[in-house]
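Novice: I have a structure here, written as structure tokens, and I will follow up with some questions on it.
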Amino acid sequence: MSGHRILLLAAAALLCAAPLGMGNYQSYLAQLMMINIIGALGLNLLTGNCGQISLCHASFMAVGAYTSALLTTRFGLSFTIGISVGTLAAAGLGAALGFPARRLSGLYLALVTLGFLELVQTVVEEFPNLTGGVRGLSVPKPQVLGIQIRSDTALYYLALAVTAFAVWSARNVERSRFGRAFNAVRQSPYAAQAVGISLGRTKLLAFSLAAGFAGLAGGLQAIVVGFIDPTEFGISTSLRQITFIVVGGLGSVPGSVIGAIVLTGLPELLRGVQEYSDLVYGAILLAVLLFMPQGVIGLLEALRGRVGKWWMKSPNRSELES
């Protein structure tokens, strides 16, 4: 068995056993980390792999959250159907946004996505009879496959299963021909066109996939938090998602996971200066861009390379191996 598989099995065992040593709040924090991991995975496919800027990732989370919550609370559908429809609705809106945005880039694309974010927030606020408006909407614990989720531990395992599926899906997309097309478009659109890659279809697919991941994260957030309102899906949430992937590492599934875990846990260290949390996030983002442009995952790979070179050059290597 390879070292990577052993590490994966060890990580899986640790995650499955984690609730045994966690209290309610630690379990809740772990679930928030998983939600942010799912959102970061989608945004990294769009921005890190395909090179497209999006400031409305939180809007697709809102679509998934409200669609899932309304289908389960107002129409009595199961959570499985609700979160599935919410994910598909977000992916469909992502494709609708990607269609006109496929010809844009840079600042113009950023402005279009920012406008979409404001549009979604306005729609949520202007239909209070349906969405709860600025007062928000309460979401009860779900029933999954006939089993009522009541405890935080059960909710943790549900979030873990959804997150594992999201990581597996993102990894497969990254390794597929679509992932290779995303990277080609990011590196050189003209070269990608020269080898037969359609820029429009590739960008549209990237927007749709990113929105689908965000919708899945939003649907999960609705049941974990138990309450949703428009302020949870504003520009600060979108910027935080961008910070996750930049700090963790652009174009990297492990980078998305690392960035989301580290920065979701960061507020615990900033309780005394909570009012300056946005400033701290901005400072971290600037520092990473200046000193670690490849993110944490890039730093770890560089350190691994240096350790490997040192090991190969070490005069005592043969003695240690024997």
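Novice: Report the label-to-label distance for Asp278 and Ser236 in nanometres (one decimal), using points 7 Å from each Cα along the Cα→Cβ vector.
Specialist: 0.6 nm
Novice: Can you give me the accessible area per residue for the chain, using a 1.4 Å probe, in Å²?
Specialist: So the chain comes to 52 Å² accessible per residue, rounded to a whole number.
Novice: Then there's this: Each label point is 7 Å from the Cα along the Cα-to-Cβ direction; what then is the distance between the points at Val123 and Gln187, in nm?
Specialist: 3.7 nm
Novice: Moving to a separate point now. Per-residue counts of other Cβ atoms within 10 Å, averaged by peptide: what ranking do you get for 189-195, 47-53, 222-228, 296-302, highest first? Display every interim value, and only then the final one.
Specialist: Working: 189-195: 12.3, 47-53: 23.4, 222-228: 20.4, 296-302: 16.6.
Result, highest mean first: 47-53, 222-228, 296-302, 189-195.
Novice: Also, quick follow-up: Would you mind estimating how fast the range 169-303 diffuses translationally, via Stokes-Einstein at 4 °C and 1.567 mPa s with the Kirkwood radius over Cα pairs, in µm²/s?
Specialist: For the chosen part, D equals 77 µm²/s.
Novice: Still on this structure: Please give the residues of the range 221-258, grouped as numeric ranges, whose backbone N is less than 15 Å from a label point set 7 Å along the Cα-to-Cβ vector of Leu269.
Specialist: Inside the label zone: 244, 247-248, 258.
Novice: List the relative contact order of the chain as a percent without decimals, with contacts defined as Cα pairs under 8 Å and 6+ residues apart.
Specialist: Computed over the chain, the figure is 31 percent.
Novice: Please list the three semi-axes, largest first and in whole Å, of the ellipsoid equivalent to the chain, using sqrt of 5 times the eigenvalues of its alpha carbon gyration tensor.
Specialist: 33, 26, 19
Novice: Run the dipole for the chain about the Cα centre, Lys and Arg Cβ at +1, Asp and Glu Cβ at -1, nothing else charged, and hand back the magnitude in debye, nearest 20.
Specialist: 1040 debye
Novice: Still on this structure: Determine, for each peptide in 143-150, 234-241, 28-35, the mean count of other beta carbons within 10 angstrom over its residues, then list the peptides with the highest first.
Specialist: 28-35, 234-241, 143-150
Novice: Compare the peptides 125-135, 253-263, 155-165 by average per-residue count of other Cβ atoms within 10 angstrom and give them in order, highest first.
Specialist: Highest-to-lowest ranking by the protection proxy: 253-263, 155-165, 125-135.
Novice: Let me know the shape class of the range 1-152, please: from the alpha-carbon gyration tensor, a ≥ b ≥ c as square roots of the eigenvalues, rounded when a/c is under 1.5, otherwise prolate if a/b is greater than b/c, or oblate.
Specialist: oblate
Novice: Work out the charge dipole of the chain with +1 on the Cβ of Lys and Arg and -1 on the Cβ of Asp and Glu about the Cα centre, then indicate which of Ile284, Gly226, Gly94 is farthest towards its positive end.
Specialist: Gly94
The values are calculated or read from the model by the stated rules, or taken from the named source; none is laboratory data. Because the structure is predicted, anything quoted here is derived from the model rather than measured. Cβ atoms come from the backbone with ideal geometry, glycine included; neighbour counts cover every protein chain shown. Quick note on the areas: whole protein, heavy atoms, side chains included, nothing else; ligands and nucleic acids left out. Shrake-Rupley method; radii C 1.70, N 1.55, O 1.52, S 1.80 Å.
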